[in-house]
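Reading through the structure tokens given below for one structure.
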């Protein structure tokens, strides 16, 4: 398995901010919620206590994941890569979806910062793998869980 963690500088900043929020806000709040639930007595049938403990486990797990990942992350600036107009890590890519007759835009990022709702797709996703190394006007065929898609690359930008 590849343990390499790659991030854009914006992605690294967002993850550091999340880590700071978890440590300085979420963790103290869940500790307070656990203390409050304990003050109500019998813990064996205390749903508030169980929920707070579960939330604490999630927060502590996410803190550990972020600390570990950020400590080994390689932060890549796509502007500094000799990209020569090709799709590279961190690039913003505008595509024409030939099946849907529509345009879509994505930024290729690492697994930790991928968020389809924000237009960020992982370089290890089917479309990410298909786009890496391609140029404007190239067509790419993507075999995704939803079926085969064909995209034409309209533009590539590095910010």
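Laboratory data are not the source of any read-out in this text; all were calculated from the coordinates shown. Only a predicted model underlies this, so the values are computations on that prediction, with no experimental measurement involved. Positions of Cβ are generated from backbone atoms using ideal geometry, with glycine treated the same way; all protein chains shown enter the neighbour counts.
The angle between the Cα long axis of helix 27-38 and the longest principal axis of the Cα atoms of the chain comes to about 30 degrees, rounded to the nearest 10. Between the Cα long axis of helix 47-72 and the first principal axis of the chain there is an angle of about 40°, rounded to the nearest 10.
Computed from Cα positions, the angle between helix 9-21 and the longest principal axis of the chain comes to roughly 10 degrees.
When DSSP beta bridges are restricted to pairs lying wholly in the chain, around 80% turn out antiparallel.
Extension gain for the segment residue 157 to residue 40, taken as residue separation times 0.36 nm less the Cα-Cα distance, is 36.4 nm to one decimal.
Placing a label point 7 Å from the Cα of residue 54 along the Cα-to-Cβ line, no residue of segment 7-29 has its backbone N under 12 Å from it. The value for the chain of Rg(Cα) / (2.2 N^0.38 Å) is 1.38.
When the helix-only estimate is applied to the chain (DSSP H runs of n ≥ 4, each -39,500 (n - 2.57), divided by the residue count), what is the mean residue ellipticity at 222 nm, nearest 500 deg cm²/dmol?
Taken over the chain, the calculation gives -11500 deg cm²/dmol.
You can think of it this way: the chain between residue 29 and residue 98 has 20.0 nm of extra reach, that is 0.36 nm per residue less the Cα-Cα gap. Label zone of residue 139 (point 7 Å out along Cα→Cβ, amide N under 11 Å): in segment 95-116 this covers 98-99.
Shown here is the pair-distance distribution of segment 78-157: with all Cα-Cα distances grouped in 5 Å bins from zero up to the longest one, the shares run 3, 17, 28, 29, 17, 5, 1 percent. A simple spin-label model places the labels of residue 132 and residue 4 0.7 nm from each other, with each point 7 Å out along Cα-to-Cβ.
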